[in-house]
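**Q** Attaching a single structure in C-alpha cells format; questions to follow.
The values are calculated or read from the model by the stated rules, or taken from the named source; none is laboratory data. Bear in mind that the values here come from a model prediction, so they are computed numbers and not experimental data. Note that each Cβ is placed from the backbone with ideal geometry, even for glycine, and that neighbours are counted across all protein chains shown.
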Amino acid sequence: MNRPAGDVLDFPEWLFIRIDGGLVPFSVTEESVFQKDTNHVVVGLDQINDQKKATALVGLTCNLAGAWSDWFEVSREETESLTGFEVLDEISGKTGKVVGFEDIPGNPLLEIEIDGKKALLPMQSEFVVSTDLRKRKLILRIPEGLLDL
C-alpha cells in the first residue's frame, strides 16, 4: 500500500465500516488521514471522539467508493446494508428510513423516505450529523424543501 502522499490527501469524505454485518457510514475528519506504514492508513472520523470508540473499530473491514477500495484489496460489497437505518431530521423532528443508496463515486447519496416522500441526500457532514451504530440510526440535517420536490 505504498502510495504517494498526494493520494492520501485526496482521501474520500466518507468511508463505511462493517459492523455486525452491516456497512455503517462515517465522515472522515478533514486533514486527518496519514499513511502509518506500507500496510496501514490512519483515518480520523468525525463521530469517533475517544480512544475507547476508536479501539472498538480497529481491525474491522473498511469499504470505500471506487478505486479507493483497491487500496485495501477488499472486495467491494453492496452498501445496501444502509437500507433500513432509521433517520431523524434534526430540523423538523420527523423520522423515516433509509430506503436505498446510490453509490456515485465522489458523491454517495442516501435515498430516504419520510412521511411517504422520497429524496436523495448527499452523504456529507453538513447533512449527516451523527450515526448511532447500535440503534442503526442516522441524525440528518435535511435542507428545507428537499422532501417537497
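**Q** What is the residue count in segment 52-108 for residues that are of a type outside the set (Val, Ile, Thr), at pLDDT 80 or above and in a loop (DSSP other than H, G, I, E, B)?
**A** 6
**Q** From the set of residues in segment 125-143 that are touching a residue at least 40 places away in the same chain (Cβ under 8 Å), farther than 15 Å from LYS94 by Cα and out of contact with any Phe, Trp or Tyr (no Cβ under 8 Å at 6 or more places or on another chain), which is surrounded by the fewest Cβ atoms within 10 Å (Cβ to Cβ)?
**A** LYS135
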